[in-house]
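Below is one structure, written out as structure tokens, with a few remarks after it.
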Amino acid sequence: MKIIVCIKQVPSRDSLLRIDASAKWIQEADLAYEINEPDAYALEEGLQLKEKHGGEVVVVCAGPARAAQTIREALAKGADRAIHVEEESLRDVDSLGVARLLANALRPETPDLVLTGLQSDDIGYGQTGVILAELLGLPHATIIMSVEKQDGRIRVKRELENGWFQHVDMPLPALLTIQSGINKLRYATLMGIKRAKTKELKRLTPADLGSHSTGAPSVQLARVYLPERTKRTQLFEGQPREVAAKLVEKLKFEARVI
């Protein structure tokens, strides 16, 4: 069973973010980077499926040269080999463009299963996985909480709203976008880190994948800005029971803290 896991390198969640001079992105000079958290869960699911059913796990990542560090981390955790599509700036490439790069890179691999994270921590569009499935002509399912391999098929559990779930039987090959928290993430061992240095890391450029790999972006990011901070005091009048009910409603539906 050949499993492709698409990963992305994003700024660390502990980084202090500042808007750059163009007001279209953040200052990247002093940032620390890490694997996108939903992609880390996709990788873990791929590794566990390999351990149960055999085969190999291939990591595919599109990003600048620094993304090689994140790719090596995935190899250290147990991925067998990796493909790095080196693109120094994906800032002006939309989800469709990224999906085209990934599709052209992994199409020759003819995978049985493609896994991606549900969305990225930096942009959060949640579109790349499903667009990739369309480009590859694969059936897909999103927000996956568990995967069970059967004879030539898989059975997946999807998370819906209000605590509901949906179980879907799918043919292979297929593409799944994985929800965070599906498994407990593993750490790379010292032996895994040593082995990662000898594992295959294939480097490609957009030119290697065709001159029209990304195409003109259909979506453009116009401006990045910090949310405005405002303070407001609201007084509730009435009986204690009525006031308490109003307060709970505000905390639940407006502040979203309960």
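The values are calculated or read from the model by the stated rules, or taken from the named source; none is laboratory data. Being a predicted model, the structure only gives us computed values, none of them experimental. Note: ideal-geometry Cβ built from the backbone for every residue, glycine included; neighbour counts use all protein chains shown.
Has segment 213-228 got at least one residue that is modelled with pLDDT under 95 and under 30 Å from GLU44 (Cα atoms)?
Scanning segment 213-228, I find at least one residue that is modelled with pLDDT under 95 and under 30 Å from GLU44 (Cα atoms), so the answer is yes.
What is the one condition in (1) farther than 26 Å from ALA74 by Cα; (2) part of a strand (DSSP E or B) that ARG203 does not satisfy?
Evaluating ARG203 over (1) farther than 26 Å from ALA74 by Cα; (2) part of a strand (DSSP E or B) leaves (1) as the failure.
Among (1) in contact with a Lys or Arg (Cβ under 9 Å, 6 or more places away or on another chain); (2) surrounded by 13 or more Cβ atoms within 10 Å (Cβ to Cβ); (3) part of a loop (DSSP other than H, G, I, E, B), where does GLY192 come up short?
The single condition GLY192 does not satisfy is (3).
Report the residue count in segment 139-180 for those that are of a type outside the set (Val, Ile, Thr) and part of a strand (DSSP E or B).
Here the count works out to 21.
Among LYS199, LYS184, LYS194, which is the only one that is among the charged types (D, E, K, R), touching a helix residue (DSSP H, G or I) at 6+ places or on another chain (Cβ under 6 Å) and at pLDDT 90 or above?
Result of the check over LYS199, LYS184, LYS194: LYS199.
GLU34 - would you say it is buried (at least 16 other Cβ atoms within 10 Å of the Cβ) and part of a helix (DSSP H, G or I)?
no
Against the conditions (1) within 13 Å of the chain's Cα centre (by Cα); (2) touching a residue at least 60 places away in the same chain (Cβ under 8 Å), where does LEU185 fall short? Just the number, please.
(1)
Hey, any hits in segment 230-240 for a residue that's assigned to a loop (DSSP other than H, G, I, E, B), of a type outside the set (A, V, I, L, M, F, W, C), modelled with pLDDT of 95 or more and out of contact with any Pro (no Cβ under 9 Å at 6 or more places or on another chain)?
no
Considering only residues that are surrounded by fewer than 19 Cβ atoms within 10 Å (Cβ to Cβ) and under 14 Å from the mean Cα position of the chain (by Cα), which ones fall in segment 126-142?
Residues satisfying the conditions are GLY126, GLN127, VAL130.
Inspect segment 79-94 for any residue being buried (at least 19 other Cβ atoms within 10 Å of the Cβ), under 12 Å from the mean Cα position of the chain (by Cα) and modelled with pLDDT of 90 or more and give the result as yes or no.
No, the conditions are met nowhere in segment 79-94.
So which residues in segment 40-68 are over 15 Å from LEU172 (Cβ atoms), among the hydrophobic types (A, V, I, L, M, F, W, C) and touching a residue at least 60 places away in the same chain (Cβ under 8 Å)?
Within segment 40-68, ALA40, ALA42, LEU43, LEU47, ALA68 qualify.
I need every pair where a residue in segment 219-231 that is under 13 Å from ILE19 (Cα atoms) has its Cβ under 8 Å from the Cβ of a residue that is outside any loop (DSSP other than H, G, I, E, B) and not small (Gly, Ala, Ser), sequence separation at least 6 or different chains.
VAL224/ILE19; VAL224/ILE26; TYR225/ILE19; LEU226/ILE19
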